[in-house]
Amino acid sequence: MPARAPRSTRTSAVSNKSSTSGAPSVAIDVPTEAPDNDLRPHIVNVFRDAQRTTASHRKLVVSLRKVQEACCYEPTSNKKSSIGDFEEDEFNLEFTRCVLRVMPVKKSESVGEKTVRFIGLFLRYAIEKDNEYLGEEDQDASTMPETPSMRLTNYLMETVLPLLQSKDKFVRYRSTQLISHIINSLDAIDDDLFQKLRQGLLKRIRDKEAMVRSQAVLGLGRLAGNQIEGAGDTEGSDEDASSGLLEKLLEVLQNDPSADVRRSLLVNLPILPNTLPYLLERARDQDAMTRRAVYARLLPALGDFRHLSLNMREKLLRWGLRDRDENVRKAAGRLFRERWIEDCAGIPEMTEDGKALEIAEPSMDGLLELLERIDVVNSGVENGVAIEAMKGFWEGRPDYREFVTFDDAFWQTLSAEAVFLARSYNDFCRNDGSGNYLGLVEEKLPEVTKLGFYLEAYIKALIETIKRNEANDNGGEEEEEEDTVEQEFIVEQLLHIALTLDYSDEVGRRKMFALLRQSLSIPELPDEITKLTVNVLRDICAPDIAGEREFCSVVLEAVADVHDTIVDDDPVDDPEESFHSARSEISGDSTPTKNGRGKSKEPELSEEEARAKALKEILINLKCLNIVQCMLTNVGGNLKENESLVSMLNNLVVPAVRSHETPVRERGLVCLGLCALLDRSLAEENLTLFIHFYAKGHSALQITALQILTDILNVHGAQLLSGNPTLLKVYIKALRSGSKNPEVQAAATTAVCKLLLGRAVTDPEACADLLRTLVVSYFDPISSENQGVRQALNYFLPVFCYSRLENQDLMRSIALDTLHSLYNIREGLEEEDVDTDDMITLAAIGACLVDWTDPRKCFIPGLPLDAEKKKDVNGDVHLDLLMDILSKLRGNVNKEEKKAIVSLFSKLYISPSSSEEKMNEAYDDISSAVEEKLLTDVTGRNAILKIHTALGKIHNSLQEAAEGRMGTMSRSASVASNIPSDADTSGVSGSSDKDRTVVPEPDIKEEEEEDEGMPDANTSAGTVVRREYDGNVTEKGNESNIVDELLSDDD
């Protein structure tokens, strides 16, 4: 259609901008109300309808556009209209008047959101229509065309901009929201207006209201993206401005306390090389929804994941799949199995909305490439993220489950990715739990015999590669090392598959047994493969005692073969030199580094040859000890009943512990600790040795010694701890070694937590000492940087206290002593002029201690877990804590510590279901404290009076109950005195019920609620109702009143 000519009499609305400029902090500046006119109803009606529903917005936009055209353009027809008499500036004024009415609307009102969306939709539509009317003549112009809609936009923005600084938070919110929405709705904005909007929104990113900051970053994200796009065509000052804006937004992304603000920036910031690391960093955000947005919105929008570095891919997978929030884990799994696989398998056809028309066909090459892109050689090991990723992949992609095939060609040309694919498929099908996929395993994977032949071929290739690398030390080291690592990975994955096989087939069992026995005798076999080989051998052998003995004998035969390689390489005169001579090889008296060894006569060796020979002997001995260690982890029988284990202990382990070679001695210590778990007497004999290794060893050896001691205590009981007081000092010393050895402190913390949770330590004093040390370590600022200690105690302390009433009482017994110790620590830091801001206050520490001893939070069988629903629980632990506090206050207490202790009164829970004896004792104690005016300050006096009042109510109820029981007993005695003497014979055998004067009432709980003043029929007849109540006989009515009084605590 031909371009429509605007009316020449129209003036730019920008000239009115001076009327809306205000002070830095302004109120709602509504233009002066003009007299009512015929134009206003048309615009007001459109805005009114736009607030109702968004479904009619497009229709309303067209209607409002017609009103604008009638005011801004010359009419194309001769029809007269009342709207045609108005000018463009009048339309702009009325339109802005309606917009300003939205500014004070609260965030919770949906009409505000609908109106803002309508405004943005109308401006976008109007600008598009104006550009159509201009035609092609100004399409390539370098400057923005001057159209009525652009003038309306400028006038509206100039009017709303001062409202960004309003005192009303909702006005700031709506004005920021409107500006940001318009910025994101339009394709272009005037340069001068652009700078004003930028400056105004930049001030709002520091607003105290999070909802305002969230809307501000929405607009600034779009502005930053536009500036980056045009940075190549701008001058240096503009480039600096754009980079400065990005830096400010990235700083907000990292440090803003509001999750909504960070999430808004995450979604709206441009994805650039310099912003991408900051965006991906939000995968570790503290807010779960923000973390989920990284996997559900950011990474899919990023495109091909192969543009990310290998390290970043692995981190993103690990962070997402191991997130503590289930929705984040689901989003990460969906990203891996739906988006990343499509990037490798081929991108399917997409619709205009960006959705796939259909999922791409399964591709074996694409799946193998995906595994290569996440580096399964490193991420596919034990505890690697690739195992979790593939588990979710097989679960969510049934098309790939049916598609994959493992034929002979597949097994004969295994790569690291291919063998991991088979291993993950096997693990998923066998460990599914439902058993629905076992048929797939039987169909697709080879039987035991065939797998044994494949495994034999790859083990042989691995050993040849290792020997070739040892022979060629100087050539192609990097490539050969990578080849060796890949071949090791292939053998490891095949052994993982072998661990899950069914060895009921005797042919396959014999083949696998012979292969593993032979492989275990190879000295060059890597340690991880050795461990898996021993594990598979244990599965092949029977699970009974006979099978365990067979397993031990087979493994020790392999150890003998490995150790004999030392003898085979050296000319030895003694023909009896064998594995059983290991004592002479490893013992301190004849270590291989000495010049002479036993009675054998050897030719003199050069220094290099002697060093190489000694190094080889150490490596062989370490290999033997490694095999023994793997074997002992799979043995559970008694040590003395297995002759093979006794021989191994005397001829290999004990000499290794006595060796002067540090690696051999440390490996021997681990083996000795495993042996001690199989025999109590051996553990008792060597406790002093393990303690000595802790006292004299380095950090790693100390950790090993602590782990051995902890395992011994868990297996053989706490009697070892009570019989050896030095052992308790070892743990306490380790717990206090935070500044010197944080790793040792973390290991000791984990060990003590296991001992206390497992109730391996039963001595009350030992438990109290250990628990007190743990709590002090938890609040000590020295351990604040030791994440191992903090994470262990964050889990342990609540679980320990809430699991048993005895544990809460133990925490109560050490609470005040712990508070005093922490007070001394704080005082010491202040005397040394150390900043104590990182240390939690004493009042907060006391609140934690009271919370951990709250009886309502303790697990009690038969009661709900919710603390708010537990009302009738025994609260003796807090009564004991109350008496402890009063006893502490009667002593010599510092003012600051006294203030923290007094604050505990208000946090105690006084339960009416506590024991009567404990309640009376606590009431007497608190009453004496009030009488003697233990606390003189107002705060302390009010706190103690409040708890005294609460205890007094319950105490009075108990007294009334006791008096009621005494009255009932006296009335029962008077009734019994009036009974004829013939009643004494009622209990004699042969007497009938009709001869009895007192007839016991059966204990039937019916019609318990009776009107007051209406006696029971039996009572009126002089019959006593017998009920058990603390060993006394009471009346039925009195008992009901006592219960009601005890349970009524409204006062």
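The values are calculated or read from the model by the stated rules, or taken from the named source; none is laboratory data. Note that the coordinates shown come from a computational prediction; the quantities given were computed from them, not determined experimentally. Because the Cβ atoms are built from the backbone with ideal geometry, glycine has one as well, and the counts that use them run over all protein chains shown. Ligands, DNA and RNA are stripped out before the accessible areas are found, and what is left, the full protein with its side chains, is counted by its heavy atoms. Shrake-Rupley method; radii C 1.70, N 1.55, O 1.52, S 1.80 Å.
Does Ser185 fit the bill of being more than 41 Å from the chain's Cα centre (by Cα) and either open to solvent by 30 Å² or more (accessible area, probe 1.4 Å) or at pLDDT below 90 (or both)? Spell out how you get there, then give the answer.
Working: more than 41 Å from the chain's Cα centre (by Cα): no; either open to solvent by 30 Å² or more (accessible area, probe 1.4 Å) or at pLDDT below 90 (or both): yes.
No, not satisfied.
Looking only at region 682-727, how many residues end up being out of contact with any Asp or Glu (no Cβ under 9 Å at 6 or more places or on another chain), of a type outside the set (A, V, I, L, M), surrounded by fewer than 21 Cβ atoms within 10 Å (Cβ to Cβ) and over 26 Å from Asn642 (Cα atoms)?
Residues in region 682-727 being out of contact with any Asp or Glu (no Cβ under 9 Å at 6 or more places or on another chain), of a type outside the set (A, V, I, L, M), surrounded by fewer than 21 Cβ atoms within 10 Å (Cβ to Cβ) and over 26 Å from Asn642 (Cα atoms): 5 in total.
Give me the residue from region 55-97 that is modelled with pLDDT of 90 or more and farther than 18 Å from Ser149 by Cβ and, out of that set, surrounded by the most Cβ atoms within 10 Å (Cβ to Cβ).
The extreme case among them is Ser56.
Within region 341-355, can you find the residues that are in a helix (DSSP H, G or I) and either at pLDDT 95 or above or open to solvent by 10 Å² or more (accessible area, probe 1.4 Å) (or both)? Steps first, answer last, please.
Step one: filter region 341-355 for residues in a helix (DSSP H, G or I), giving 341-345.
Within region 341-355, Glu342, Asp343, Cys344, Ala345 meet the criteria.
Among the listed residues Ile618, Ile627, which satisfies the condition of being open to solvent by 20 Å² or more (accessible area, probe 1.4 Å) and either under 26 Å from Gln518 (Cβ atoms) or not hydrophobic (A, V, I, L, M, F, W, C) (or both)? Lay out the reasoning, then the answer.
On the way: Ile627 fails: open to solvent by 20 Å² or more (accessible area, probe 1.4 Å).
Among Ile618, Ile627, only Ile618 is open to solvent by 20 Å² or more (accessible area, probe 1.4 Å) and either under 26 Å from Gln518 (Cβ atoms) or not hydrophobic (A, V, I, L, M, F, W, C) (or both).
Just checking, does region 785-798 include any residue being outside any helix (DSSP H, G or I) and not charged (D, E, K, R)?
yes
Would you confirm whether or not region 698-705 contains a residue that is in a helix (DSSP H, G or I) and under 27 Å from the mean Cα position of the chain (by Cα)? Step through it out loud before you land on a result.
Looking only at region 698-705, we keep the residues that are in a helix (DSSP H, G or I), and these are 699-705.
Then keep just the ones that are under 27 Å from the mean Cα position of the chain (by Cα); that gives 703.
There is at least one residue in region 698-705 that is in a helix (DSSP H, G or I) and under 27 Å from the mean Cα position of the chain (by Cα).
Could you list, ordered by first residue, the pairs with Cβ atoms under 6 Å in which the first is in region 755-784 and open to solvent by 50 Å² or more (accessible area, probe 1.4 Å) and the second is assigned to a loop (DSSP other than H, G, I, E, B) and at pLDDT below 90, at least 6 apart or interchain?
Pairs that qualify, where the first residue is open to solvent by 50 Å² or more (accessible area, probe 1.4 Å) and the partner is assigned to a loop (DSSP other than H, G, I, E, B) and at pLDDT below 90, are Thr762/Ala718; Ile782/Gly738; Ile782/Ser739.
Out of the residues in region 941-953 that are touching a Leu at 6+ places or on another chain (Cβ under 8 Å) and not charged (D, E, K, R), state the one that is farthest from Met883 (Cα to Cα).
The qualifying residue farthest from Met883 (Cα to Cα) is Ala943.
Each row is one residue, and each column tells you yes or no for (1) closer than 21 Å to Ile814 by Cβ; (2) at pLDDT 85 or above.
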site	(1), (2)
Ala718	yes, no
Lys729	yes, yes
Ala734	yes, yes
Ser739	no, no
Ala746	no, yes
Arg759	yes, yes
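Check whether at least one residue in region 789-806 is over 28 Å from Lys898 (Cα atoms), touching a Pro at 6+ places or on another chain (Cβ under 8 Å) and at pLDDT 90 or above, and report yes or no. Lay out the reasoning, then the answer.
We begin by selecting, within region 789-806, every residue over 28 Å from Lys898 (Cα atoms); these are 789, 791-792, 795-796, 799, 803-804.
Of the ones still in play, those that are also touching a Pro at 6+ places or on another chain (Cβ under 8 Å) are 789.
With the extra rule that they be at pLDDT 90 or above, the set shrinks to 789.
Taking every residue of region 789-806 in turn, at least one turns out to be over 28 Å from Lys898 (Cα atoms), touching a Pro at 6+ places or on another chain (Cβ under 8 Å) and at pLDDT 90 or above.
Of all residues being open to solvent by 20 Å² or more (accessible area, probe 1.4 Å) and among the polar types (S, T, N, Q) in region 207-233, which is modelled with the highest pLDDT? Just the residue, please.
Gln215
Can you tell me which residue in region 581-603 is least open to solvent (accessible area, probe 1.4 Å), limited to those that are more than 49 Å from the chain's Cα centre (by Cα) and either under 24 Å from Leu525 (Cβ atoms) or at pLDDT 70 or above (or both)?
Filtering region 581-603 for residues that are more than 49 Å from the chain's Cα centre (by Cα) and either under 24 Å from Leu525 (Cβ atoms) or at pLDDT 70 or above (or both), the one least open to solvent (accessible area, probe 1.4 Å) comes out as Glu585.
Taking region 40-63 only, how many residues are of a type in the set (A, V, I, L, M), in a helix (DSSP H, G or I) and farther than 20 Å from Lys129 by Cα? Spell out how you get there, then give the answer.
Of the residues in region 40-63, the ones of a type in the set (A, V, I, L, M) are 43-44, 46, 50, 55, 60-62.
Filter once more, so that each one left must be in a helix (DSSP H, G or I): 43-44, 46, 50, 60-62.
Restricting the remaining residues to those that are farther than 20 Å from Lys129 by Cα gives 44, 50.
Residues in region 40-63 being of a type in the set (A, V, I, L, M), in a helix (DSSP H, G or I) and farther than 20 Å from Lys129 by Cα: 2 in total.
Would you pick out the residues in region 893-921 that are open to solvent by less than 30 Å² (accessible area, probe 1.4 Å) and either touching an Asp or Glu at 6+ places or on another chain (Cβ under 6 Å) or part of a helix (DSSP H, G or I) (or both)?
Matches in region 893-921: Glu897, Ala900, Ile901, Val902, Phe905, Ser914, Met919.
For region 491-538, which positions are in a loop (DSSP other than H, G, I, E, B), closer than 23 Å to Phe410 by Cα and among the small types (Gly, Ala, Ser)?
none
Consider region 416-473. How many of its residues are in contact with a Phe, Trp or Tyr (Cβ under 7 Å, 6 or more places away or on another chain) and closer than 20 Å to Leu515 by Cα?
Adding up the residues that qualify gives 4.
So Arg665 ticks every box in (1) part of a helix (DSSP H, G or I); (2) within 26 Å of Glu548 (Cβ to Cβ) but one. Which box is left unticked?
The one condition Arg665 does not meet is (2).
Report whether or not Thr710 is in contact (Cβ under 8 Å) with a residue 40 or more places away in the chain and in contact with a helix residue (DSSP H, G or I) (Cβ under 7 Å, 6 or more places away or on another chain). Show your work before the answer.
Working: in contact (Cβ under 8 Å) with a residue 40 or more places away in the chain: yes; in contact with a helix residue (DSSP H, G or I) (Cβ under 7 Å, 6 or more places away or on another chain): yes.
In short, yes.
For region 267-284, name all the residues that are buried (at least 18 other Cβ atoms within 10 Å of the Cβ) and of a type in the set (S, T, N, Q).
Asn268, Thr275
Which condition from (1) more than 36 Å from the chain's Cα centre (by Cα); (2) buried (at least 23 other Cβ atoms within 10 Å of the Cβ) is the one that Asp679 breaks?
Checking Asp679 against (1) more than 36 Å from the chain's Cα centre (by Cα); (2) buried (at least 23 other Cβ atoms within 10 Å of the Cβ), the one that fails is (2).
For region 621-662, which positions are over 21 Å from Glu685 (Cβ atoms), of a type in the set (Ser, Thr, Tyr) and not in a helix (DSSP H, G or I)?
Thr633
Of all residues in region 526-551, count the ones that are more than 15 Å from Val381 (Cβ to Cβ), open to solvent by 70 Å² or more (accessible area, probe 1.4 Å) and under 35 Å from the mean Cα position of the chain (by Cα).
The qualifying residues number 1.
Looking at Leu152, Leu123, Leu100, Leu156, can you tell me which residue is at pLDDT 90 or above and either open to solvent by 30 Å² or more (accessible area, probe 1.4 Å) or farther than 30 Å from Val261 by Cβ (or both)? Quick ask: steps written out before the conclusion?
Numbers: Leu123 fails: either open to solvent by 30 Å² or more (accessible area, probe 1.4 Å) or farther than 30 Å from Val261 by Cβ (or both); Leu100 fails: either open to solvent by 30 Å² or more (accessible area, probe 1.4 Å) or farther than 30 Å from Val261 by Cβ (or both); Leu156 fails: either open to solvent by 30 Å² or more (accessible area, probe 1.4 Å) or farther than 30 Å from Val261 by Cβ (or both).
After applying the criteria, what remains is Leu152.
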